[in-house]
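Single-structure report; data block below.
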Amino acid sequence: MSSLFPALVGGSVAERSALRFGDRSLTYAELAASAGGLAGRLGGAGRVAVWATPTLETAVSVVAALLAGVPAVPLNPKSGEGELGHILSDSAPSVVLCGPGDDLPDALKGLERIDVQAYSPGSAVPPAEADPAAPALIVYTSGTTGPPKGAVIPRRSIASTLDALAEAWQWTGDDVLVHGLPLFHVHGLILGILGPLRRGGSVRHLGRFSAEGVARELNDGATMLFGVPTMYHRLAEALGEDAELAKALGRARLLVSGSAALPVHDHERITAATGRRVIERYGMTETLMNTSVRADGASRPGTVGVPLPGVDLRLVEEDGTTIAGYDTDGAPTGAYDGESVGEIQVRGPNLFSEYLNRPDATAAAFTEDGWFRTGDMAVIDPDGSVRIVGRKATDLIKSGGYKIGAGEIENALLEHPAVREAAVTGEPDDDLGERIVAWVVPQGDLDTAALGPELSDHVARRLSPHKRPRVVHFLRSLPRNDMGKILKRALTRD
Ligand code: MCA
Ligand code: AMP
């Protein structure tokens, strides 16, 4: 397989800006030197953890690990002790890569620490040509119960998903991408950093998402924007009173949303104010990207487009019957009537290889004939576009584009001494898509006014701030069926 980053090796765009974070940037020549030099130090490592702050150092670290052929585990720098402890014991990295000034939590202090120098002139190390099936990244993703699982993503998947997106979006080295996504998930890291680098183009990271930052960069030559629906919702809100923002978004070649559904109302507000449509693509940590609206294709708000080149996609009923799909030329087959709902199953070079240390979960995720079960429910519209209509598991919550398992939060709540019973649900939220709601039976007669915020903080500290319940309800008991199982539907209807 050719190199993951031809532009780093070839030298044809050596002086082009590769990465920019705030006022710090690296050209391809500078990135080749710093990442190449760091790669030379990683040769013997089994796995490396990356303290994935939204900085140049994180990008250099991940590129270096890929050049060295050493799997990288990006860590959310806001992970609480419970989540971090699990990820470290599960993935067992030998080294942690971080910025020189980073203050790391105790859980990481036992690892060898490498302070990454973003600017480190020297001779570039020729990249190792690792096996395409070799693991490149391990990205942790929530399930309905238990702690997050590490999806092992091979080099082949990264290359194939990025090349398929390039084809669908006419994405080239001339594009300049702007975004403010976190760098410990597929969206921000693989699409948002490795994507531009594979094309030989540029990325400007905002550090933290803001409408002003997006407008500034689009007015200064950026051609593409990536974001989760919460970000587009905030842009849609800001557009009402900001004509300059509308002009800036109108300049973009491509506005892309993903990680959760973008409500039609936000699509419409953005298009009305800017004259531009937002393109949606659909993916998962385990599959990378499956479908997208094409840059040159028609689209209606609310669809996620068509399967990307190389991706097989079908809709399957509960009993395993295939109800719709696509033939080898990409034409829809079966019941593509916009009404027949089935689970999306996918196959292709974009898929992960396994959940780390979880052969049971890996086996359960695939059908006997090798298709990955996404758990997303969809229809295929008469024009051939996939439209997602729901999700199989009600215990998965998508908040701000983050996937969060209800069971993970229930377990964290139950660790608190004031909690006797707990159930967690998601409810609609204009900004976040869904917000996390906790239903708690307290131990004894407690002052529940102070307990709500304390439980939210407890979850934020134990897991991650984005996993904290936004609402906490206190009840005398949880509704249960005869078998003792909690009836979550009865809770949400209260
Ligand atoms: C608030 N904060 C707290 C607490 N309350 N910290 C500790 N304890 C508390 N009780 C802090 C937060 O940490 C944060 O800190 C700040 O207050 C605001 O937090 P919050 O309201 O949660 O979020 P936000 O800043 O408003 O963020 C909205 C967001 C974010 C920017 C849209 O949700 C986001 O970045 N989402 C992206 C998710 C994503 O990339 N998903 C991709 C996975 P501070 O101020 O320090 O930040 S899906 C994927 O990869 C697949 C493949 C796909 O299809 O894309
Ligand atoms: P994650 O596991 O965090 O990678 O999240 C993957 C999930 O995000 C998918 O299974 C979908 O439910 C959801 N998702 C991603 N992109 C879209 C989209 N464009 N529209 C609707 N849901 C999406």
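The values are calculated or read from the model by the stated rules, or taken from the named source; none is laboratory data. On a predicted model such as this, the values are computed, not experimentally measured, just so you know. So basically every Cβ, Gly included, is an ideal-geometry build from the backbone, and we count neighbours across all protein chains shown. Areas reflect the complete protein model, heavy atoms only, side chains present, ligands, DNA and RNA absent. Shrake-Rupley method; radii C 1.70, N 1.55, O 1.52, S 1.80 Å.
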Restricting to the chain, what percent of DSSP beta bridges are antiparallel, rounded to 5?
65
Provide the gained length on full extension for the span His473 to Asp220, in nm with one decimal, where the gain is 0.36 nm per separating residue minus the Cα-Cα distance.
86.4 nm
If you take the alpha carbon radius of gyration of the stretch 79-197 and divide it by 2.2 N^0.38 Å, what ratio comes out, to two decimals?
1.23
Checking the a/c ratio against 1.5 first, then a/b against b/c, what shape does the Cα gyration tensor give for the stretch 50-106?
oblate
Probe 1.4 Å, all chains present, heavy atoms only: Glu167 accessible area in Å², nearest 10, is 90
Would you compute, from DSSP H runs of 4+ residues alone, the mean residue ellipticity of the chain at 222 nm, taking -39500 (n - 2.57) per run and dividing by the full residue count, rounded to the nearest 500?
-8500 deg cm²/dmol
For the chain, just the Cα atoms, rotate onto the principal axes and tell me the three extents in Å, largest first.
68, 56, 53
Viscosity 1.002 mPa s, 20 °C: Kirkwood-radius Stokes-Einstein D of the stretch 192-289 over Cα pairs, µm²/s
155
Taking N as the number of residues in the stretch 330-370, what is its Cα Rg relative to 2.2 N^0.38 Å?
1.55
Report Leu75's accessible area, 1.4 Å probe, all protein chains in place, as a number in Å² to the nearest 10.
0
Give me the percent relative contact order of the chain, please, defined on Cα pairs under 8 angstrom at least 6 residues apart.
12
D for the stretch 12-105, whole µm²/s, Stokes-Einstein with Kirkwood Rh over alpha-carbon pairs at 25 °C and 0.890 mPa s: what number?
176
Taking all protein chains together and a probe of 1.4 Å, list Ile404, Ile486, Ile388 from the most accessible to the least accessible.
Ile388, Ile486, Ile404
So how many Å³ per residue does the convex hull of the Cα atoms of the stretch 291-342 work out to?
91
Rounded FRET efficiency, nearest 0.05, which uses the C-beta distance separating Ala29 from Gln443 and R0 of 56 Å
0.35
Base-10 log of normalised Debye intensity for the stretch 1-159 (one unit scatterer per alpha-carbon) at q = 0.09, 0.10, 0.13, 0.21 Å⁻¹:
-0.28, -0.35, -0.59, -1.41
Report the accessible area of Asp383, computed with a 1.4 Å probe over the heavy atoms of all protein chains in place, in Å² rounded to the nearest 10.
90
The stretch 188-240, dipole about Cα centre (Lys/Arg Cβ +1, Asp/Glu Cβ -1), debye to the nearest 20:
220
Quick one: dipole size for the stretch 75-183, taken about the Cα centre, charges +1 on Lys/Arg Cβ and -1 on Asp/Glu Cβ, in debye to the nearest 20.
220
Relative contact order computed over the stretch 348-494 (Cα-Cα under 8 Å; 6+ residues apart), in percent
16
Could you state, as a whole-number percent, how many of the C-alpha pairs of the stretch 270-363 are farther apart than 20 Å?
47
The stretch 362-427, relative contact order in percent, only Cα pairs under 8 angstrom and at least six apart counted:
18
In Å, the C-alpha Rg and Dmax of the stretch 309-446 are 18.9, 65
Give me the one-decimal Kirkwood hydrodynamic radius in Å for the stretch 360-434, with the sum taken over alpha-carbon pairs.
15.1
Assigned charges on the beta-carbon of Lys, Arg, Asp, Glu; the chain dipole about Cα centre (debye):
560
Contour excess over end-to-end distance, with Cα ends at Asp103 and Ser120 and 0.36 nm allotted per residue
4.0 nm
Starting from 0.36 nm per residue, how many nanometres of slack lie between Ser89 and Asp319 once their C-alpha separation is accounted for?
79.0 nm
Working with all protein chains in place, sort Phe184, Phe372 by solvent-accessible area computed with a 1.4 Å probe, largest first.
Phe184, Phe372
With a Förster distance of 25 angstrom and the Cβ-Cβ distance between Ala363 and Ala134, calculated FRET efficiency to the nearest 0.05 equals 0.70
Cα pair count fraction exceeding 24 Å, expressed as % - the stretch 131-232:
29
At the level of C-alpha centres, the distance separating the stretch 105-162 and the stretch 397-464, in angstrom, is 30
I'd like the distance separating the alpha-carbon centroids of the stretch 275-289 and the stretch 16-79, in whole Å.
25
Using the basic label-point model (7 angstrom from Cα toward the beta carbon), what is the Glu81 to Glu167 distance in nanometres?
5.0
